[in-house]
1. Please go through the residue pairs LYS45/LYS168; LYS66/LYS168; LYS66/LYS194; LYS45/LYS162 and name each one whose alpha carbons sit more than 29 Å apart in this structure.
2. Could you name the lysines whose alpha carbon sits less than 24 Å from that of LYS229, not counting residues in the same chain fewer than 8 places away?
3. Within region 8-128, what whole-number % of the accessible surface is contributed by carbon and sulfur, with the 1.4 Å probe and all protein chains included in the calculation?
4. Ignoring everything except DSSP H segments at least 4 long, calculate the 222 nm mean residue ellipticity for the chain; use -39,500 (n - 2.57) per segment, divide by total residues, nearest 500.
5. Determine which aspartates and glutamates satisfy two conditions relative to LYS150: a Cα distance under 15 Å, and not lying fewer than 8 residues away in the same chain.
6. For the chain, find the longest principal axis of its Cα atoms and tell me its angle to the long axis of helix 129-148, 0 to 90°, nearest 10.
7. Name the GluC sites (Glu not before Pro) in region 50-79 that are in a loop by DSSP and that have at most 15 other C-beta atoms within 10 Å, would you?
8. So, by mean Cβ neighbours within 10 angstrom, what's the order for 58-68, 17-27 with the highest one leading?
Amino acid sequence: ILYTVAGFRIVGPTELGARLFFGNPINNLTSGLVFIPPGICQLSKGTRLTIEDELPADPQHIYRVKRGEPEVVPPELVGIMFPPIRIPFGHPERPSDDPLDVRITAEVVPIVRWRIVDYIQFLTTIGSREEARRQMEDIMITVLMREFSKVTPAAALKDLEKYGQMLKGELRDLVAGTKSSRPWGVEIAIAEVKSIIFSHELSVAILRVPEATLQAKATVIEAEAQRKKLELEG
């Protein structure tokens, strides 16, 4: 009786479970009361909720340095802080007055929402959320490097939805598996570029453009008014 009672476990309503036989996953478990024979089987649990990953890490864990300094995370912060994802953009096709229609390197923040649908498949193929996050980040950086190197930030901002669809398609192919790799047991819900972050200097310059434009218009209007005044006086 004690052995039987000791073997009961609970898989919560927001959890997925798998019964392991001496470390080998044998079957998925649904939410509720489950029996795990002590000493023979083990229970592994994960979340069934949708996971949102902002890459390379949440904003409070991004390590940024001043201009000109090497972007290297100090040894004492490795694993806690992460360098931002910086992507070089392409050259403009033709001259433009848009301050973002230039070739620069900017910080790009992609996000992906995904969830585990087959926990045993996930455990035996990927093993952990950290490894899944790492592989998805590699694919997203590859796609962004390839695509953003063809356009300027101005063009990229106009087509963020298109690039989001590209990211989603590449990730779905990744988790679906190929002839040489197994499926992950994962479903990709959304993949997109959350934001493109420019340097402080460029942001200040962009803010000055409307002001300079208005000042130029005011100067023209004032000059025209002065000309008409002189004509009337004449």
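The values are calculated or read from the model by the stated rules, or taken from the named source; none is laboratory data. None of these values were measured; they are calculated from a predicted model. Methodologically, a virtual Cβ is constructed for each residue, glycine included, from the backbone with ideal geometry; neighbour enumeration extends over all protein chains shown. Note: accessible area is taken over every heavy atom of the protein model, side chains too, but ligands, DNA and RNA are not part of it. Shrake-Rupley method; radii C 1.70, N 1.55, O 1.52, S 1.80 Å.
1. LYS66/LYS168; LYS45/LYS162
2. Straight-line reach from LYS229, under 24 Å: LYS217.
3. Working: 3840 of 6900 Å².
Of the solvent-accessible surface of region 8-128, carbon and sulfur hold 56 percent.
4. On the way: 6 runs with 89 residues, N = 234.
The helix-only estimate for the chain comes to -12500 deg cm²/dmol at 222 nm.
5. Straight-distance partners of LYS150: GLU93, ASP101, ASP159.
6. Orientation of helix 129-148: about 30 degrees from the principal axis.
7. On the way: sites: GLU52, GLU54, GLU71, GLU76; in loops: GLU71.
Of the GluC sites (Glu not before Pro), the ones in loops of region 50-79 whose Cβ has at most 15 other Cβ atoms within 10 Å are GLU71.
8. Numbers: 58-68: 10.3, 17-27: 14.8.
The packing order, highest mean first, is 17-27, 58-68.
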